[in-house]
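Notes follow the structure.
The values are calculated or read from the model by the stated rules, or taken from the named source; none is laboratory data. Here the structure is a predicted model, which is why all the values come from computation and not from measurement. Neighbour counts are summed over all protein chains in view; Cβ atoms, including those assigned to glycine, are modelled from backbone coordinates with ideal geometry. Side chains included, ligands, DNA and RNA excluded: accessible areas come from the protein's heavy atoms. Shrake-Rupley method; radii C 1.70, N 1.55, O 1.52, S 1.80 Å.
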Amino acid sequence: MRLEGIIVPMATPLLSHVEIDKKGTERLVHHMMDGGVQGIFILGTTGEATSLKPSTKKDLIEITCTEAAGHTAVLVGVTHSCFDISLKLARQAKENGATAIVAAPPYFYPLDQEDLYKYFIKLADQSPLPVFLYNFPAMTKCNLEMDTVMKLAKHSNIIGIKDSSGNGVYFQKLMY
């Protein structure tokens with residue numbers, strides 16, 4: 001699988017703090033596809049994923065994947081402090097036709113590089129979809145160091161990384 005081009009983080013259209021705006025989500029997905037994006041990233045960068053109910057996440061995954069089916073890749077954020085919930089989201093993503101999952105380190109816990117390595121290897125081993133690592137130290141309070149990323153990149157189910165560290169030197173090193 002090769003994902004390239006423009007992959008856009010999508011905000012979650014809501015009618016209330018617990019209910020997805022189905023029509024709004026459908027319109028937003030089509031608007032992005034009509035704009036020429038090659039992928040849509042839900043439950044990630046825009047930040048609301050940590051405050052959504054599991055049923056709301058499930059609805060968003062279903063609607064987005066249905067609308068994008070056959071046209072645009074869908075990447076689903078599965079970051080959670082509970083491994084089993086991340087894996088459940090990965091399975092829901094697979095069941096609905098998503099392309100890949102995106103996972104940041106579990107937030108709240110102070111993890112060292114060995115902990116991060118073990119976590120992501122376990123996720124990659126058990127995920128039914130390919131995995132993008134997500135380095136976002138400002139929100140997770142830990143940084144995926146270059147050596148850890150290089151070791152993780154050897155796993156056949158880890159296919160890329162989204163870096164939101166803001167560190168240009170780190171990003172350049174990732175590209176080589």
All conditions in (1) of a type in the set (Val, Ile, Thr); (2) open to solvent by 30 Å² or more (accessible area, probe 1.4 Å); (3) in a helix (DSSP H, G or I) are true of Val149 except (2)
I need the full set of residues from segment 85-103 which are without any contact (Cβ under 8 Å) to a residue 60 or more places away in the chain and either open to solvent by 60 Å² or more (accessible area, probe 1.4 Å) or small (Gly, Ala, Ser) (or both), in order please. Ile85, Ser86, Lys88, Ala90, Arg91, Ala93, Lys94, Glu95, Gly97, Ala98, Ala103
Could you please let me know if Tyr134 is surrounded by 23 or more Cβ atoms within 10 Å (Cβ to Cβ), in contact with a strand residue (DSSP E or B) (Cβ under 9 Å, 6 or more places away or on another chain) and of a type in the set (Phe, Trp, Tyr)? yes
Filtering segment 113-133 down to residues that are of a type in the set (A, V, I, L, M) and either touching a His at 6+ places or on another chain (Cβ under 9 Å) or part of a helix (DSSP H, G or I) (or both) yields Leu116, Ile121, Leu123, Ala124, Val131
When every residue in segment 112-155 that is closer than 19 Å to Ala100 by Cβ and free of Cβ contacts under 8 Å to residues at least 24 places away in the same chain is compared, the one nearest to the chain's Cα centre (by Cα) is Ala153
